[in-house]
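Following: one structure in structure tokens, then a few remarks.
The values are calculated or read from the model by the stated rules, or taken from the named source; none is laboratory data. Being a predicted model, the structure only gives us computed values, none of them experimental. FYI the Cβ positions are ideal-geometry reconstructions off the backbone, even for glycines, and counts take in every protein chain you see.
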Amino acid sequence: MTGLELFLEYEFLQLALAASGVMALLAGALGVPLVLREMAMFGHGFAHVSYAGVALGLLAGLYPLGVALVVTVVGALVMERLRARGAFSGDTRLAVVVSVGFAIGVTTVSLAGGFTTHVHAYLFGSLFSVTSTELWAMLPLAATLLVAFTLLYKEIFYITLDEEAAHLSGVPVGWINAALLALTAATIVLASRVVGLLLVAALLVIPAATALQMATSFKGAILGSMAVGLVSVVLGLAAAVSVDVAAGGAIVLVGGAVFALVTGARRAGLVRRG
């Protein structure tokens, strides 16, 4: 049975492909502003904070991703509040929030009796167990992001280009930053089902970094990042099914390979950035 026949035959593979595709589009769009603003490490930070939410959810017997979503969004808004007040540098804020969040997760897991298979699944991903309910939960986030980028495209571009100038021009920088960070946090939590919390930031950073080497405009970078993300999840998922390896790892490795190819081609003069 060929790979295509497998995807047509089994619903769990169709759900995995749909979920990873949606998350690739979300992460691809959000990754470009983050990379351009040198905030790529925020993805890793949010992933560590969401670990605390997953652990708290498991301990309380609640839906882990639901609790993680609340905890991570709150953490993102706290970081934005500290940024708005000028309290400490970005790296310092990130380190504090990440350290506290991860410590809460570790402490909670130890109270629950150690690392369980459930925690392992969230850390490393469990793409082939994605349910239709979880897929439907991703769609409102995707719709929200689409509306936000459509209505606030000029403002997001302005803030990405020069945040201080945008603020002086009357752009509500604080609100837009908070919204983007909240969307990023939510994306990371839901994407943990695709590649796991330990690799989820790669979905934000690698496609964006790849597209920015070829893009001639901000919009082109976003569309290119989304395209690279889609290629990564499709080929990575196909490789995972064919070779029987972890889907999350395969997706990230494919993305890394695409990044390396584009980087090499650009250095060789085969790809030029406008």
Review point. Of all residues in the stretch 162-193, which are surrounded by fewer than 17 Cβ atoms within 10 Å (Cβ to Cβ) and touching a residue at least 24 places away in the same chain (Cβ under 8 Å)?
Key: 163, 174
Check your understanding: Looking at the stretch 258-274, which of its residues are exposed (fewer than 14 other Cβ atoms within 10 Å of the Cβ) and either in contact with a Ser or Thr (Cβ under 9 Å, 6 or more places away or on another chain) or of a type in the set (A, V, I, L, M, F, W, C) (or both)?
Key -> 260, 261, 268, 270, 273, 274
Revision key, fill the gap. Looking across the stretch 89-106 at residues that are among the polar types (S, T, N, Q) and loosely packed, with under 13 Cβ neighbours inside 10 Å, the single one that is modelled with the highest pLDDT is 92
Review point. Does residue 21 meet the test of being modelled with pLDDT under 80, in contact with a Leu (Cβ under 9 Å, 6 or more places away or on another chain) and part of a helix (DSSP H, G or I)?
Key: no
Exercise for review: Inspect all residues belonging to the stretch 36-46 and state whether any of them is hydrophobic (A, V, I, L, M, F, W, C), closer than 27 Å to residue 209 by Cα, modelled with pLDDT of 85 or more and in a helix (DSSP H, G or I).
Suggested key: yes
Review point. What tally of residues in the stretch 234-251 results from selecting those that are surrounded by fewer than 14 Cβ atoms within 10 Å (Cβ to Cβ) and in contact (Cβ under 8 Å) with a residue 12 or more places away in the chain?
Key: 1
Revision key, fill the gap. Of the listed residues (205, 254, 231), the one being modelled with pLDDT of 90 or more, surrounded by fewer than 20 Cβ atoms within 10 Å (Cβ to Cβ) and touching a helix residue (DSSP H, G or I) at 6+ places or on another chain (Cβ under 9 Å) is 231
Exercise for review: Return a yes/no flag: does the stretch 215-229 have any residue that is out of contact with any Cys (no Cβ under 8 Å at 6 or more places or on another chain) and more than 30 Å from residue 16 (Cα to Cα).
Suggested key: yes
Exercise for review: Restrict the check to the stretch 111-129 and report whether at least one residue is part of a helix (DSSP H, G or I), under 21 Å from the mean Cα position of the chain (by Cα) and modelled with pLDDT of 75 or more.
Suggested key: no
Practice item. Please tell me if residue 208 is closer than 21 Å to residue 42 by Cβ and of a type in the set (Gly, Ala, Ser). Key: yes
**Study point:** The listed residue being among the aliphatic types (A, V, I, L, M), under 29 Å from residue 152 (Cα atoms) and touching a His at 6+ places or on another chain (Cβ under 7 Å), out of 227, 178, 201, 209
**Key:** 201
**Study point:** In the stretch 143-161, residue farthest from the chain's Cα centre (by Cα) [restricted to those that are surrounded by fewer than 17 Cβ atoms within 10 Å (Cβ to Cβ), among the aliphatic types (A, V, I, L, M) and under 16 Å from residue 22 (Cα atoms)]
**Key:** 147
Point to revise | Selection from the stretch 208-221 of residues that are touching a Lys or Arg at 6+ places or on another chain (Cβ under 6 Å) and surrounded by 19 or more Cβ atoms within 10 Å (Cβ to Cβ) | key: none
